[in-house]
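This report concerns only the one structure given below.
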Amino acid sequence: MTVKHSHVEANGVRLHIAEQGEGPLVLLLHGFPESWYSWRHQFTPLAEAGYRVVAPDQRGYGGSDAPESVDAYTLPHLVGDVTALINALGASDAVVVGHDWGAPVAWTTSLLRPDLVRGVVGLSVPPLPPAGMPAISVTREIYGEDFYQVRFQSPGEIDAQMGADPAAFLRRLLYTASGDNPDDHAMWMIAQGQPLLESLADPEQLPGWLTENDLDVFAGAFQGPGGFTGPLNWYRNIERNQGLLAPFQGRTVDVPALYVIGDRDMVARMRGVDFLRENLHLVAPRVYGNITLPGCGHWTQQERPAEVNAALLNFLAELERDDR
């Protein structure tokens with residue numbers, strides 16, 4: 001079986017999707033700054049197990065539309081893309097799997113539309129209903145003005161620096177946040193006036209899980225005129241998401257759930273993540289697993305494909321047993 005590519009109209013945008021297999025729908029939602037290709041190791045194992053695997057380039061990324069307006073990248077927009085995509089694919093529901101930014105989209109989709117989500121999996125980022133992650137006003141207070149999410153708020157400078165040499169930026173970021181980087185994986189800080197690339201380690205060689213061809217594919221997705229602006233606009237709506245989703249405060253993720261994180265993931269060191277993990281059963285009462293991958297950094301499904309695939313297949317098999 002080969003991965004097929006096409007475009008689907010969903011929620012007012014045209015989404016590029018990669019697809020393989022037939023059967024119950026499994027949606028794979030990538031994070032920043034990636035694309036459908038971050039799931040390259042998951043397609044064949046899931047498809048061979050009897051699932052229809054679909055990974056979109058999410059709004060603003062790769063071959064999908066990138067609206068110009070900053071406020072077109074709110075979580076309600078992103079959840080709307082997922083729900084519309086499920087419908088456009090002719091499915092009644094899906095198992096939704098998300099990594100990095102894809103995880104808040106997956107968790108929030110399951111929170112708002114449990115009728116469409118058979119099960120939800122979050123890689124790296126745990127559920128934090130209802131808005132997915134802390135407000136920028138909170139992270140600014142905790143980490144200061146140099147914290148990467150804070151630095152991303154102003155359009156222009158960061159967009160241009162990332163877009164000036166996408167391959168160099170991605171090479172450094174993918175290495176820096178990986179388990180192969182021997183540094184302590186503290187928060188990503190970009191000092192005022194510091195060139196973006198200087199905030200990231202420059203590897204002598206790529207980690208074993210990342211080839212030059214992989215890097216070319218990722219970099220190619222950001223070569224267009226929009227560059228990194230669409231993806232960065234996701235961050236520019238973090239504060240706005242708090243108000244938009246405030247009516248859902250107190251709701252829990254009530255569908256079957258799975259959480260996976262590497263012990264060398266920067267997210268694992270963020271304030272409050274330990275507490276969220278310890279109390280995951282309160283946020284997601286039907287959690288099946290809360291898995292830690294030793295030695296794994298932020299790029300969970302790329303760094304540890306065998307372990308992630310095994311966890312996903314086990315979770316999917318549990319869902320099938322529960323459906324009988």
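In whole angstrom, note down how far apart the Cα centers of region 254-321 and region 121-144 are. Using only Cα atoms to place each centre, the spacing works out to 16 Å. Stokes-Einstein, applied to the Kirkwood radius of region 1-130 over Cα pairs at a viscosity of 1.002 mPa s and 20 °C, places its translational diffusion at 150 µm² s⁻¹.
Hydrodynamic analysis of region 41-200 uses the Kirkwood radius over alpha carbon pairs. Inserted into Stokes-Einstein at 20 °C and 1.002 mPa s, it gives a translational diffusion coefficient of 120 µm²/s.
Dividing the mean sequence gap of close Cα pairs (under 8 Å, 6+ apart) by how many residues region 32-146 holds gives a relative contact order of 18 percent.
Carbon and sulfur together cover what percent of the accessible area of region 172-250 at a 1.4 Å probe radius?
The nonpolar share, carbon plus sulfur, comes to 50 percent.
Among the listed values (i) 29, 45, 23, 4; (ii) 34, 58, 8; (iii) 34, 62, 4, the one computed from these coordinates for P(r) over Cα pairs in 20 Å bins from 0, in percent is (iii). For M266, M162, M1, the ranking by accessible surface with the largest value first comes to M1, M266, M162, using a 1.4 Å probe. Of the residues D216, D159, D180, the one that moves most in a GNM of the chain with alpha-carbon contacts below 10 Å is D216.
Rolling a 1.4 Å probe across all protein chains gives T44 an accessible area of roughly 60 Å². The antiparallel fraction among DSSP beta bridges confined to the chain stands at about 35%. One chain, two ends: Q194 and A306. Fully extended at 0.36 nm per residue, the span grows by 36.5 nm beyond their Cα-Cα distance.
Over all directions, the projected convex hull of the C-alpha atoms in region 144-282 averages 10.6 nm² in area. Peptide packing for 87-97, 185-195, 292-302 was compared via the average number of neighbouring C-beta atoms within 10 Å per residue; ordered from the highest value, the list is 292-302, 87-97, 185-195. Solvent-accessible area per residue in the chain equals 39 Å², computed with a 1.4 angstrom probe and all protein chains kept. Compactness ratio for region 110-183: Cα radius of gyration over 2.2 N^0.38 Å (N = residue count) comes to 1.45. On the principal axes of its alpha carbon atoms, region 237-324 extends 39, 37, 24 Å, with the longest extent given first. The value obtained for region 29-74, namely the Cα convex hull volume divided by the number of residues, is 79 Å³ per residue.
The values are calculated or read from the model by the stated rules, or taken from the named source; none is laboratory data. Fair warning: this is a prediction, and the values are worked out from it, not measured in the lab. Every residue, glycine among them, receives a Cβ derived from its backbone with ideal geometry; neighbour counts consider all protein chains shown. Heads up: the accessible areas ignore ligands, DNA and RNA and are worked out on the full protein's heavy atoms, side chains in. Shrake-Rupley method; radii C 1.70, N 1.55, O 1.52, S 1.80 Å.
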